[in-house]
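*Asks:* There's a structure below that I have some questions on.
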Amino acid sequence: MPSHAPPEPRTVLLTGGAGYIGSHTFVALREAGFEPVILDNFANSHPAVLERLGRITGRAPLVERGDVLETALVEAVLRRHRPVGVVHFAGDKAVGESVAQPLKYFHNNIGGAISLLRAMEAVYVDALGPRLRGDDGRGAGDGRGAGDGVALVFSSSATVYGDPASVPITEDFPRQHTSPYGQTKLVIEDMLQALLRAQPAWRIGVLRYFNPVGAHPSGLIGEDPAGIPNNLMPYVTQVAVGLRPHLNVFGHDYPTPDGTGVRDYIHVQDLAAGHVAALQALLAKPQSFTVNLGTGRGYSVLEVVRAFEQASGRPVPYKLVDRRPGDVAQCYADPSLARKLLGWEARHSLQEMCADAWRWQSGNPQGYATV
Ligand code: NAD
Ligand code: UFG
């Protein structure tokens, strides 16, 4: 008799899943029928996000507290949950801090990636092929056979394009780094390519995010930076809510229509959907890819300020100040490869990004510490 039981949800491990992008991706994965498991050390996130994720999805999230740098722990987590794929968000991301403390970034970002990959290699040894199995033929014993593949999605960044020669940026543009943070993304991308050459059973999706902003439309989860925000949108929202007196607009003499920097802001909900699409593509057939996740449309700092004022009904006072060292004039994606390979494209407008960022900030003036 045919069984009408619902199919077992497919487990996915999210390293750094309690963070800004990871938490939104958690929700999108549950909505798509996956069972995401968060592995996070809460170095840059607040445990209060977990209760919020439970409220949004109707069920408490599965969580493993721990550090990705601890390979044995990651291995144990993989053996416990047997995920069909891993999304690797965990890492440090502040460009300025990486200039001041490069070793912190090399250790946590590059070290974290190596630790995760070694744990995956150990657990999925059978799937990765006989060359890895060793003399005793021991394997993971998880029912996977050679050829099943091992799926990994990695959070890379448009920072790998450095100062691009032109816009829009396609994935074949030369890569360069302008900070130790950017360097970690280059090194990890290169490590993943070497791994693919050596062990073709890996299925790896490298996602180069442009500028993620906004929040879940419920206003329950969002970006909660520690200290003074480095990025434009959280700074703008903190000015609008009265936490900071004004925005400093870094540079007004760039070769752009209004002189301020132009970026490809992408709603974090679109980004989350991009992860689901990437994972589904990797699970559907053996393949690997590197794609931009952006909208293809650039907005200047002053356009963002105006859109935000409109969406929030609040003034955002600003001062035009000197350029921030290391900033580029313009950076926006050609997102057509992601559309072609993943059937994904960004849908949300700048207005929606601002409205959702405002709903989160106004409902949680101190971020998760408001709870
Ligand atoms: P985030 O800091 O909000 O999330 C990262 C999470 O990883 C945090 O919850 C943190 O506690 C956790 N973490 C850090 N080190 C860890 C470790 N060793 N073990 C376990 N957990 C650890 O950052 P985010 O904005 O969600 O970014 C996620 C990923 O996307 C990062 O790799 C980042 O470099 C990349 N990225 C972010 C942006 C952006 O603008 N937000 C842009 C491009 C790429
Ligand atoms: N900006 C201001 N005032 C601020 C903050 C930012 O005017 O207080 C301007 C910047 O000069 C830039 C734009 O707003 O023109 C966007 O700046 P963000 O800091 O929000 O974003 P970036 O494009 O500089 O950085 C982002 C990610 C980095 C990544 C980089 C690579 O945050 O992690 O893209 O493109 F490395």
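*Asks:* Using modelled amide H (1.01 Å from N, peptide plane; none on Pro or chain starts), what sits under 5 Å from the amide H of VAL249, excluding residues fewer than 5 places away?
*Replies:* When sequence neighbours closer than 5 places are left aside, the close amide H contacts are LYS319, LEU320, VAL321.
*Asks:* Moving on to the next point. Which residue, ASP67, ASP327, ASP270, tops the fluctuation ranking in a GNM of the chain built on C-alpha contacts under 10 Å?
*Replies:* ASP327
*Asks:* What figure in square angstrom, to the nearest 10, would you give for the accessible area of TRP202 with a 1.4 Å probe?
*Replies:* Probe radius 1.4 Å; accessible area of TRP202 about 0 Å².
*Asks:* May I pose another question? Run the quick spin-label model on LEU103 and HIS4: label points 7 Å from Cα toward the beta carbon, then report their separation in nm to one decimal.
*Replies:* Reported label-point gap for LEU103 and HIS4 is 6.4 nm.
*Asks:* Another one. Return the FRET efficiency for the residue pair ARG324, ALA369: r is the Cβ-Cβ distance, R0 is 22 Å, and the value is rounded to the nearest 0.05.
*Replies:* According to the calculation, E is roughly 0.20.
*Asks:* Hey, what did segment 235-325 get for relative contact order, percent, Cα under 8 Å, at least 6 apart?
*Replies:* 48
*Asks:* Give the relative contact order (percent, whole number) for the chain; include only Cα pairs under 8 Å separated by 6+ residues.
*Replies:* Normalised by residue count, the contact order of the chain is 18 percent.
*Asks:* Same structure, new question: Write down the accessible area per residue of the chain in Å², having rolled a 1.4 Å probe over the full set of protein chains.
*Replies:* Accessible area per residue, the chain: 43 Å².
*Asks:* Separate question: If Lys and Arg each add +1 and Asp and Glu each add -1, what is the summed charge of the other residues whose beta carbon sits under 13 Å from the beta carbon of ILE110?
*Replies:* Around ILE110, the surrounding residues sum to 0.
*Asks:* Running a GNM on the chain with Cα contacts under 10 Å, which residue among VAL239, VAL153, VAL86 ends up with the highest mean-square fluctuation?
*Replies:* VAL239
*Asks:* Given the options LEU195, LEU78, LEU279, which has the most mean-square fluctuation in a GNM of the chain, springs set between C-alpha atoms less than 10 angstrom apart?
*Replies:* Looking only at LEU195, LEU78, LEU279, the largest GNM fluctuation is found for LEU195.
*Asks:* Using only DSSP helix segments of four residues or longer, with each worth -39500 (n - 2.57), what per-residue ellipticity at 222 nm results for the chain after dividing by its residue count and rounding to 500?
*Replies:* Calculated from helices alone, the mean residue ellipticity at 222 nm is -11000 deg cm²/dmol.
*Asks:* Taking 22 Å as the cut-off for C-alpha to C-alpha distance, list the pairs among LYS104/LYS185; LYS285/LYS340; LYS185/LYS319 that go past it.
*Replies:* Pairs exceeding the cut-off: LYS185/LYS319.
*Asks:* Okay, moving on. Contour minus end-to-end for ARG339 and MET191, with contour as 0.36 nm per residue of separation and end-to-end as the Cα-Cα distance?
*Replies:* Gain in length upon complete extension: 50.7 nm.
*Asks:* Right, next: To the nearest Å, what is the center-to-center distance of segment 227-251 and segment 287-354, using C-alpha atoms only?
*Replies:* Cα centroid to Cα centroid, the span is 16 Å.
*Asks:* Could you order ILE21, ILE188 so the one with the most accessible surface comes first? Probe is 1.4 Å.
*Replies:* Ranked from most to least accessible, the order is ILE21, ILE188.
*Asks:* Considering only protein heavy atoms and a 1.4 Å probe, what is the carbon-and-sulfur percentage of the accessible area of the chain?
*Replies:* 52
*Asks:* For segment 296-304, just list the computed ³J(HN,Hα) in residue order, Karplus coefficients 6.51, -1.76 and 1.60, θ = phi - 60°, integers in Hz, with x standing in for Gly and Pro.
*Replies:* So the J values, rounded to whole Hz, are x, 10, x, 10, 7, 4, 5, 5, 5.
*Asks:* Explain nothing, just the number: dipole magnitude of the chain about its Cα centre with +1 on each Lys and Arg Cβ and -1 on each Asp and Glu Cβ, in debye rounded to the nearest 20.
*Replies:* Its charge dipole is roughly 360 debye.
*Asks:* Next question, about the same structure. Taking H as built 1.01 Å from N, whose amide H comes closer than 5 Å to the amide H of SER157, not counting residues under 5 places away?
*Replies:* TYR209
*Asks:* I've got another one for you. On C-alpha positions alone, give me the angle between the axis of helix 350-363 and the longest principal axis of the chain, in degrees, nearest 10.
*Replies:* The two axes meet at around 90 degrees.
*Asks:* Further, regarding this structure: Around PRO164, with a cut-off of 14 angstrom between Cβ atoms, what is the net charge of the other residues, counting Lys and Arg +1 and Asp and Glu -1?
*Replies:* -3
*Asks:* Relative to the Cα centre, what is the charge dipole magnitude of segment 183-248, using +1 at the beta carbon of each Lys and Arg, -1 at the beta carbon of each Asp and Glu, and rounding to the nearest 20 debye?
*Replies:* My answer is approximately 160 debye.
The values are calculated or read from the model by the stated rules, or taken from the named source; none is laboratory data. Bear in mind the structure is a predicted one, so any value in this text is a computation, not a measurement. Note: ideal-geometry Cβ built from the backbone for every residue, glycine included; neighbour counts use all protein chains shown. Keep in mind that these areas ignore ligands, DNA and RNA; they rest on the heavy atoms of the full protein, side chains included. Shrake-Rupley method; radii C 1.70, N 1.55, O 1.52, S 1.80 Å.
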